[in-house]
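The values are calculated or read from the model by the stated rules, or taken from the named source; none is laboratory data. Since we're looking at a predicted model, the values are computed, not measured. FYI the Cβ positions are ideal-geometry reconstructions off the backbone, even for glycines, and counts take in every protein chain you see. The accessibility values were calculated without ligands, DNA or RNA, using every heavy atom of the protein model including side chains. Shrake-Rupley method; radii C 1.70, N 1.55, O 1.52, S 1.80 Å.
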Amino acid sequence: MLNGKKVLFSGMQSTGNLTLGNYLGALKNWVTLSDEYECFYSVVDMHSITVRQDPAELRRRARALLTLYIAAGLDPEKNCIYYQSQVTGHAELAWILNCYTYMGELQRMTQFKDKSAKHADNINAGLFTYPVLMAADILLYQADVVPVGKDQMQHLELTRDIAQRFNGIYGDVFTVPEAYIGKVGARIMSLQDPSKKMSKSDENPNASIYLMDDPDTIMRKFKRAVTDSEAAVRYRDEQPGIKNLIDIYCACTGKTPEEVEREFDGKGYGEFKPAVGEAVVDVLRPLQARVADLEKDKAYIDSVIKNNAEKAQYFSNKTLRKVQKKVGFPERIR
Ligand code: TYM
């Protein structure tokens, strides 16, 4: 508990262009939950360097992501919105937790397997221990709840295991966090291959809707989306492309799959696909406008960055000092 509320932590990598999957699977839920919890939302730029980045581009993207958090509706006076790399406790706790995490556990992580296949020329130790840094992010703030898309579930299970293991040795040090997976939009699939998740690192730009895509591009991508030859708008596993489009439509309009089936009963994909495109444009257009406005106010964004980094540093130090004491490090001299 913090200020009488339960604590929420989540983060996104400042790598590549954010997709509709990131928005519907995570960011949208962050906004819904933000009143109920004491929230920490991090731009996890330390995670980003597990794959090679252009330094100037990484800095630019990190700032754009932080701006997007605010544009999506997170009030930086009420929510702690900050860069992971500006708060020293993440790396310090990650080192300690590395010593309480087994190689075998990390070897089982599907994201590690996927990313090491994709970046076979750079399978660095950071890529391997990435989930431990993620556990440190969450445990550092004693988070009760972590809203993420389904693809992060395995990392969250590992975080819980590490917390329980540590607590088993040293007493109740960490809050054991729960995942929050939204009812709709928790796994948005590629528009070109509905068996794969929509991903910022997809090489085919038609596979993903990027949050900054203009309306024409969005409409075009939906018209080209891979579907099937059934020609019926039905929410079923046998029609994965259509099921994904229904999920997107529901997440953007608040309708249920049954309502969508009724709405498009007897109508073909030629009508359904543009309707999904329009629903997405309606959600993204105001978001893009707010980003453009905020980007003009450099001094405001700078002040958010400074104030929130200090706040995050302050709260995270409490847990870090407790952990350092538990494992037997000497007290800090001020
Ligand atoms: P990242 O940056 O890949 O994704 C950010 C969030 O977006 C969700 N997401 C999706 N949801 C639905 N459909 C999709 N196609 C889709 N693609 C991505 C992700 O589940 C995530 O919630 N390791 C994390 C970042 C991280 C983190 C943390 C998250 C670092 N530390 C601590 C929570 C707590 C990641 O790479 O997310």
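Can you tell me which of (1) in contact with a helix residue (DSSP H, G or I) (Cβ under 9 Å, 6 or more places away or on another chain); (2) free of Cβ contacts under 8 Å to residues at least 12 places away in the same chain is the one Ala120 doesn't meet?
Every listed condition holds for Ala120 apart from (1).
For (1) surrounded by 17 or more Cβ atoms within 10 Å (Cβ to Cβ); (2) assigned to a helix (DSSP H, G or I), each residue gets a yes or a no:
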| residue | (1), (2) |
| --- | --- |
| Asp265 | no, no |
| Gly277 | yes, yes |
| Thr319 | yes, yes |
| Lys325 | no, yes |
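Taking the conditions exactly as written (in a strand (DSSP E or B), touching a residue at least 24 places away in the same chain (Cβ under 8 Å) and within 15 Å of the chain's Cα centre (by Cα)), does Ile81 satisfy them or not?
Values: in a strand (DSSP E or B): yes; touching a residue at least 24 places away in the same chain (Cβ under 8 Å): yes; within 15 Å of the chain's Cα centre (by Cα): yes.
For Ile81, the condition - in a strand (DSSP E or B), touching a residue at least 24 places away in the same chain (Cβ under 8 Å) and within 15 Å of the chain's Cα centre (by Cα) - is met.
Is it the case that some residue within region 285-305 is of a type in the set (Phe, Trp, Tyr), surrounded by 17 or more Cβ atoms within 10 Å (Cβ to Cβ) and out of contact with any His (no Cβ under 8 Å at 6 or more places or on another chain)?
First pass over region 285-305, keeping only residues of a type in the set (Phe, Trp, Tyr): 300.
Subsequent filtering for residues that are surrounded by 17 or more Cβ atoms within 10 Å (Cβ to Cβ) retains none.
No, the conditions are met nowhere in region 285-305.
Looking at Ser201, is it over 27 Å from Cys39 (Cα atoms) and open to solvent by 60 Å² or more (accessible area, probe 1.4 Å)?
Values: over 27 Å from Cys39 (Cα atoms): yes; open to solvent by 60 Å² or more (accessible area, probe 1.4 Å): yes.
So Ser201 passes the test.
Please work out which one of (1) open to solvent by 50 Å² or more (accessible area, probe 1.4 Å); (2) assigned to a loop (DSSP other than H, G, I, E, B); (3) closer than 22 Å to Leu133 by Cβ; (4) not β-branched (Val, Ile, Thr) is the condition Asp35 fails and give its number.
(3)
Condition first: within 10 Å of the ligand (Cβ to nearest atom) and open to solvent by 30 Å² or more (accessible area, probe 1.4 Å). Now tell me which residues in region 142-151 satisfy that. Show your work before the answer.
Of region 142-151, the ones within 10 Å of the ligand (Cβ to nearest atom) are 143, 146-151.
Those that are within 10 Å of the ligand (Cβ to nearest atom) and open to solvent by 30 Å² or more (accessible area, probe 1.4 Å): Lys150, Asp151.
Quick test of your reading of the structure: Pro194 fulfils all but one of (1) open to solvent by 50 Å² or more (accessible area, probe 1.4 Å); (2) within 16 Å of the ligand (Cβ to nearest atom); (3) not aliphatic (A, V, I, L, M). Name the failing condition by number.
The failed condition is (1).
Out of (1) touching a residue at least 60 places away in the same chain (Cβ under 8 Å); (2) assigned by TED's automatic domain parsing to the domain that holds Leu93, what's the single condition that is false for Val281?
(2)
For region 1-32, give me the residue count where each residue is over 10 Å from the mean Cα position of the chain (by Cα) and in a strand (DSSP E or B).
6
Using beta carbons and a limit of 7 Å, which pairs, at least six apart or on different chains, have the first residue in region 161-189 and touching a residue at least 24 places away in the same chain (Cβ under 8 Å) and open to solvent by less than 20 Å² (accessible area, probe 1.4 Å) and the second one within 13 Å of the ligand (Cβ to nearest atom) and of a type in the set (Asp, Glu)?
Going by the 7 Å Cβ cut-off, the qualifying pairs are Pro177/Asp144; Gly185/Asp247; Ile188/Asp247.
Here's the yes/no breakdown for (1) touching a helix residue (DSSP H, G or I) at 6+ places or on another chain (Cβ under 8 Å); (2) farther than 23 Å from Tyr69 by Cβ:
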residue: Asp265; (1), (2): no, yes
residue: Gly277; (1), (2): yes, yes
residue: Asp282; (1), (2): yes, no
residue: Lys296; (1), (2): no, no
residue: Ser303; (1), (2): no, no
residue: Lys306; (1), (2): no, no
residue: Lys311; (1), (2): no, no
residue: Lys318; (1), (2): no, yes
residue: Gln324; (1), (2): yes, yes
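With open to solvent by less than 30 Å² (accessible area, probe 1.4 Å) and in a helix (DSSP H, G or I) as the only criterion, which of Phe112, Phe222 stands out?
Phe222
Take Leu68 and tell me if it is within 16 Å of the ligand (Cβ to nearest atom), of a type in the set (A, V, I, L, M, F, W, C) and under 27 Å from Ser34 (Cβ atoms). Give the steps one after another, and end with the answer.
Details: within 16 Å of the ligand (Cβ to nearest atom): yes; of a type in the set (A, V, I, L, M, F, W, C): yes; under 27 Å from Ser34 (Cβ atoms): yes.
So Leu68 fits the description; yes.
Would you pick out the residues in region 39-60 that are open to solvent by 20 Å² or more (accessible area, probe 1.4 Å), away from the ligand (no atom under 11 Å from the Cβ) and not β-branched (Val, Ile, Thr)?
Hits for region 39-60 are Arg52, Gln53, Asp54, Pro55, Ala56, Glu57, Leu58, Arg59, Arg60.
From the list Asp193, Asp172, Asp151, Asp161, exactly one residue is outside the structural domain of Lys318 (by TED's automatic domain parsing) and either under 19 Å from the mean Cα position of the chain (by Cα) or not in a strand (DSSP E or B) (or both). Which is it? Break it down stepwise before answering.
Working: Asp172 fails: outside the structural domain of Lys318 (by TED's automatic domain parsing); Asp151 fails: outside the structural domain of Lys318 (by TED's automatic domain parsing); Asp161 fails: outside the structural domain of Lys318 (by TED's automatic domain parsing).
Exactly one of Asp193, Asp172, Asp151, Asp161 is outside the structural domain of Lys318 (by TED's automatic domain parsing) and either under 19 Å from the mean Cα position of the chain (by Cα) or not in a strand (DSSP E or B) (or both), namely Asp193.
Take the residues of region 4-32 that are small (Gly, Ala, Ser) and in contact with a Lys or Arg (Cβ under 6 Å, 6 or more places away or on another chain): which is surrounded by the most Cβ atoms within 10 Å (Cβ to Cβ)?
Going through region 4-32, the residues small (Gly, Ala, Ser) turn out to be 4, 10-11, 14, 16, 21, 25-26.
Retained after the next criterion (residues that are in contact with a Lys or Arg (Cβ under 6 Å, 6 or more places away or on another chain)): 14, 16.
Details: Ser14: 27, Gly16: 17.
Per the criteria, the residue is Ser14.
Scan region 202-254 for residues that are within 20 Å of the chain's Cα centre (by Cα) and of a type in the set (S, T, N, Q) and jot them down.
If the condition is that a residue be within 20 Å of the chain's Cα centre (by Cα) and of a type in the set (S, T, N, Q), then Ser208, Asn244 are the ones that fit.
Any chance region 122-141 includes a residue that's among the charged types (D, E, K, R) and open to solvent by 10 Å² or more (accessible area, probe 1.4 Å)?
Filtering region 122-141 down to residues among the charged types (D, E, K, R) leaves 137.
Adding the requirement that they be open to solvent by 10 Å² or more (accessible area, probe 1.4 Å) leaves none.
There is no residue in region 122-141 that is among the charged types (D, E, K, R) and open to solvent by 10 Å² or more (accessible area, probe 1.4 Å).
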